[in-house]
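What follows is a single structure, written as structure tokens, with notes after it.
Any read-out appearing in this document is the output of simple, stated calculations on the displayed coordinates, not a laboratory observation. For clarity, every value in this text was computed on a predicted model and none was experimentally measured. No Cβ is skipped: glycine too gets one built from the backbone with ideal geometry, and neighbour counts run over all protein chains shown.
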Amino acid sequence: MAEMSPKRRCKCVIHGTDESWHGRSSGVTYHRCSCGLCLKYMASYKYSNYVPRERKPRKETVVDRRHKLWEAQDGICLLCHLPIPWEDACLDHDHLCCDGQAKNACGSCDRGVLHRHCNSILGHAHDDVKLLAQAIEYLESLS
């Protein structure tokens, strides 16, 4: 097998393209292709300490958690009991858990999926039950 020099494109035997790139960037040799020929090259004496990285399992994202809850609720808002279009769905979570941000939440503080405006009602009231009860009394006194 011919030795490949840095900053040269190689013809990838498996993929049949010349998209593999062996070169240096800021003094670090990088390699994009993972076909058999290229892996053999990476394992050669030049890269004897090269160990392919194992892919970590993907962490469940906020979108994944929101979608699971949205499907479990059959797309119905837990506050107003009306259907929620996916684009308007917001993940309601306990702000006292974790750091108060849904994207960094642990997942155990998720309460459900609400309409954006229903979620805003709870957010502006800071999840204060007394304040929300007073708001209900106020609205009832007006009618």
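Here the spin labels are modelled as points 7 Å beyond Cα on the Cα-Cβ line, and at LEU139 and CYS109 they lie 2.6 nm apart. Shape class of region 62-142 from the Cα gyration tensor (axes a ≥ b ≥ c, square roots of the eigenvalues): oblate, since a/c reaches 1.5 or more and a/b does not exceed b/c. Computed from the C-beta positions of GLU60 and ASP94 and an R0 of 30 Å, the FRET efficiency is 0.95 to the nearest 0.05.
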